[in-house]
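To start, the structure under review is shown below, and the notes come after it.
No lab work stands behind these numbers, since they all come straight from the coordinates. As the structure is a computational prediction, the values presented were derived from the model and not from experiment. Every residue, glycine among them, receives a Cβ derived from its backbone with ideal geometry; neighbour counts consider all protein chains shown.
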Amino acid sequence: MLNFIHSRWQAFIKDPIKRLGLGFFTISIFVLFSYFWNDLRPMLNLQTELWEYPTIMPLIKPIGDDFREGYFYPAKIVLQGKDPYVDYTFDYPPFSAVFSIPFRLFKVDQAYLVQVVFLFLLNAATIWISLQLAWAVFGKGQNQQDNSAQLIAYGLFPLLAFLLFTSYTFFFSIERGNSDIYAQFFVVLGLWFIVNKPKSLWLPVVFISIATHLKFYPAIILFVIFWKFRWRSIFPIIITNVALLLVLGPIRAWEFIQRIIVVTQNPNIISANHSAASFGQMVNDYLVKHAGITVPTILFYLLPLLIWAIGAIVLWLRKFSLTNALALFILSVPLMELIPSTSYDYKSVILVSPLAIALYFLILNFSQRGKLLELAEIFGLMVLMLFINRSYTMLPAVLTNKYPFILAMQVIFLIVILFSTGKGYADWDGRVSTLVDPLISQAS
């Protein structure tokens, strides 16, 4: 019986079309289960025997609090010629207040609804651009006679869009009117120019710098530009970022720096904040209560930084290619989540972009090579998304903070970088990186 099953599996796994179907089937099952587990099942209250909508986030009245207090009213303060850091409680870079000025064309409730429309569209656009980046980098160079490489992008888009739009993280971002997806949209737009306009320096600098001065943490992606253009990129990066920082003048810029130091030192420690600072304090609170010991909070900062450093060094030694640039991007996004001292769960919408790129690459590779490691990586990423997309109110206390899940996602991204070699991970000029290939060959 076992021999029969083994032979049938070997016959199945040799067919590239069946391998492609298995990859999509795996993702589809998890997307459907996520909807059932995270959206449908929680509304069936068997205690009250009623259909009830549970509270899945810490609600604030009025709805759209982040948008109102962080964007709409600071823009009003700026238009009045006042100081948003002194005359108002403003935590974002000066440019974000200027960026929000067009919302002042509407009344606050109407502006919030406009923001909701933008959030919906930009989340969808970010997924689409990410998949197009993956296709342009991983798929176009395959010289395939069929269109399967591009069809993977078309097939993943509705699955990932549905996964995102039915998630707790997306609902949370809508409830707050939070704009982290704006920053991610400008980041992937900058990457799009790097991939499709390889000689263009200023355009990716401008778009990624805009993202940086909306949320600050995308600054790490400027390293991709430096990696590609080296010292030629220094002047554009400096001049663009200085201009955006000083958009309200040097005094406001200095006030922002002082403000961000205060905010960083005083994170809001709640389950919905998955930063290293929040998770470290929650772990230590538990350890003190049950074991009378603590661990240094810096450890929870060092873990994602170490994972990123290992991947970045490997990629740097492989030298710049568009493949490696996307690899560095997907490795960096979890860092954007975990290192800032305040990262509420609504920020996790930005994870769908690197997820889209990673899944595209893994499905393409699995369909071509049939390596079970790639199928296992797909499985692992989708399991993690089940928990990332689930409200902390529906998880046991030990799992409420999303830090471990996002760190595990970064680990899988690192594994993809280290071990997923072959056609799907060839350098742009067609040469497979040789940094870890000999080790893999010996292990095989």
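Okay, here's what the table says:
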read-out: Likely footprinting exposure, Val98, Val224, Val295, fewest C-beta neighbours within 10 Å first; value: Val295, Val98, Val224
read-out: Neighbour-count order for Arg104, Arg252, fewest beta carbons within 10 angstrom listed first; value: Arg104, Arg252
read-out: Fluctuation leader among Leu302, Leu326, Leu362 - the chain, Gaussian network, Cα springs under 10 angstrom; value: Leu302
read-out: Helix 403-419 vs. the chain, principal-axis angle (Cα, 0 to 90°, nearest 10); value: 40 degrees
read-out: Amide proton proximity set for Asn389, modelled H, under 5 Å, gap of 5+; value: none
read-out: Structure-based [θ]222 nm, the chain - -39500 (n - 2.57) summed over DSSP H runs of at least 4, per residue, nearest 500; value: -20500 deg cm²/dmol
read-out: The range 11-443 - percent relative contact order, Cα under 8 Å, separation 6 or more; value: 22 percent
read-out: Lysines with Cα under 28 Å of Lys61, excluding same-chain neighbours fewer than 8 positions away; value: Lys76, Lys82, Lys107, Lys215, Lys347, Lys402
read-out: Amide H partners (placed H, <5 Å) of Asn273, local residues excluded; value: none
read-out: Principal-axis tilt of helix 250-265 within the chain, Cα atoms, nearest 10 degrees; value: 60 degrees
read-out: Which of Leu121, Leu50 has the fewest Cβ neighbours within 10 Å, and the rest in rising order; value: Leu50, Leu121
read-out: Cα centre as origin, Lys/Arg/Asp/Glu Cβ charges: the range 62-108 dipole, Debye; value: 280 debye
read-out: Calculated SAXS-style log₁₀ I(q)/I(0) at q = 0.14 Å⁻¹ - the chain, Debye, Cα scatterers; value: -1.43
read-out: GNM result for the chain, Cα springs below 10 Å: residue of Ile29, Ile350, Ile181 fluctuating most strongly; value: Ile29
read-out: Descending principal axes extents, the range 287-431, alpha-carbon based, whole Å; value: 55, 30, 26
read-out: Dipole-positive endmost among Leu317, Val295, Asn241 within the chain (Cβ charges, Cα centre); value: Leu317
read-out: Degrees between helix 108-134 axis and first principal axis of the chain (Cα, 0 to 90, nearest 10); value: 30 degrees
read-out: Check: the range 11-443 dipole with +1 on Lys, Arg Cβ and -1 on Asp, Glu Cβ, in debye; value: 1040 debye
read-out: Max mean-square fluctuation residue, GNM over the chain, Cα-Cα springs under 10 Å, options Val195, Val205, Val288; value: Val288
read-out: Candidate lysines - alpha carbon under 19 Å from Lys371, same-chain residues fewer than 8 apart omitted; value: Lys14, Lys18, Lys423
